[in-house]
Ligand SMILES: [Zn+2]
């Protein structure tokens, strides 16, 4: 029996497609002529960065807990590299491949980076006006947020969307975390043991808090849609920012999505509410004025067991059409986003008085800035960060104790009068 296993394995994964005897449906395997492996894609991206040191930089951030390790490569585009710290620039953060099975999204990341480094070109785009637009931007691209989950898919688990230990990275964020709908399926939406239990989500959270983007796009596949907050409610937020988001999405739908993309709140349009998502966190906590989730491709006619086909184009023509349409859409965002938001004004609006950042988040941000400036390694930094956090908490605690002792002394000194509370009610 044991000798038959490798043979069975070969038939399952080496043939381009296989008829499943039970359900009599075809299971499509990954088309290696169209899609890079995760290792090859990251290699190609690093080579691209190496060829364009004037525009691109890359860093790989590693962290882990409970024996589970994760790493995320972040590519930064900035036309004159010495200005990567320039806070006057308009900041855009894009993430791809948060779900392992959505391979097409990581190919789109590579295409966008290739266009940004002028190795590939968009049709009907004037280079001078494009460069003029790009001069004002810093774009951070996370080409493959969920490398461990992606590896499971490449090993044959074609329906896997979660990370390397079975947690959905788009349910592990803190806004409305852990709430479960009636149709909750742990094989799809396991939120983890707590908000930010997963190293990948921790890295992304730090990245978002330190970079403080004006635009965030979380790129997925499975359908064609342009979503704005909220995912955990079936409504969109009120106010002018919401109107601006909707207006930008309408333009994208008309120009690049042939008017058939669904537009609206994730929770209101997709048919289910999603709790603990990245986009809701970006909007509510990081105060990103334009926070989106794009769904760039879906084959709704495919069998629900045929995951590669459900989530990814399987022929060259569709593959190219999707990459062309959506890379153009992103360059429209690069152009219209800053105009729509009227520079830094709206960022100030979104992150005004109601932006409360916890001490942990503040310190994470502070230390991330240090790391960027001096290029220290992440692992070292994580240890340092925990120590500093502990010291800071001890310092706060001892200050409060001292203050309390001081106040009680004064109170004793004036024992004839009652202690008056600072609050009036
Ligand atoms: Zn997805």
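Would you please classify the overall shape of region 219-323 from the alpha carbon gyration tensor, given that a ≥ b ≥ c denote the square roots of the eigenvalues, rounded means a/c under 1.5, and beyond that prolate means a/b larger than b/c while oblate covers the rest? The partial results should precede the final answer.
On the way: a/c = 2.33, a/b = 1.59, b/c = 1.47.
It is prolate, given that a/c is not under 1.5 and a/b is the larger ratio.
Given an 8 Å cut-off on Cα distances and at least 6 residues of separation, report the relative contact order of region 271-336 as a percent. The partial results should precede the final answer.
On the way: 31 pairs, mean separation 12.2, N = 66.
Once normalised by length, the contact order is 19 percent.
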*FRET efficiency for residue 246 and residue 40, Cβ-Cβ distance as r, R0 = 45 Å, nearest 0.05?*
0.70
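Let me know the shape class of region 136-214, please: from the alpha-carbon gyration tensor, a ≥ b ≥ c as square roots of the eigenvalues, rounded when a/c is under 1.5, otherwise prolate if a/b is greater than b/c, or oblate. Intermediate values should be presented prior to the final figure.
Working: a/c = 2.35, a/b = 1.32, b/c = 1.79.
Oblate.
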*Per-pair calculated FRET efficiency, R0 = 41 Å: residue 212 and residue 304 via Cβ, rounded to 0.05*: 0.55
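Rounded if a/c is under 1.5, else prolate if a/b beats b/c, else oblate: with a ≥ b ≥ c from the C-alpha gyration tensor eigenvalues square-rooted, which is region 57-127?
Values: a/c = 2.77, a/b = 1.37, b/c = 2.02.
Taking the square roots of the gyration eigenvalues as a ≥ b ≥ c, region 57-127 is oblate.
For region 103-243, count the residues as N, evaluate 2.2 N^0.38 Å, and divide the Cα radius of gyration by that value, please.
Numbers: Rg = 17.6 Å, N = 141, 2.2 N^0.38 = 14.4 Å.
This ratio for region 103-243 stands at 1.22.
In percent, how large is the relative contact order of region 22-354, given Cα pairs closer than 8 Å and 6 or more residues apart? Kindly include the intermediate steps, with their values, before the conclusion.
On the way: 657 pairs, mean separation 68.6, N = 333.
Relative contact order of region 22-354: 21 percent.
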*Please sort 306-317, 90-101 by packing, taking for each peptide the average over its residues of neighbouring beta carbons within 10 angstrom, highest first.*
90-101, 306-317
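Starting with the highest mean, order 144-150, 221-227, 252-258 by the number of other Cβ atoms within 10 Å, averaged over the residues of each peptide.
Highest mean packing first, the order is 144-150, 221-227, 252-258.
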*Taking the Cβ-Cβ separation of residue 336 and residue 402 as r and a Förster radius of 51 Å, what is the calculated FRET efficiency to the nearest 0.05?*
0.40
*In Å, what is the Rg of the alpha-carbon atoms in region 22-354, and how long is Dmax?*
18.6, 59
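FYI, it's all coordinate maths here, none of it is from the lab. What you see is a predicted model; the values in this text were computed from it and never measured. Glycine gets a Cβ as well: all are built from the backbone with ideal geometry, and neighbour counts include every protein chain shown.
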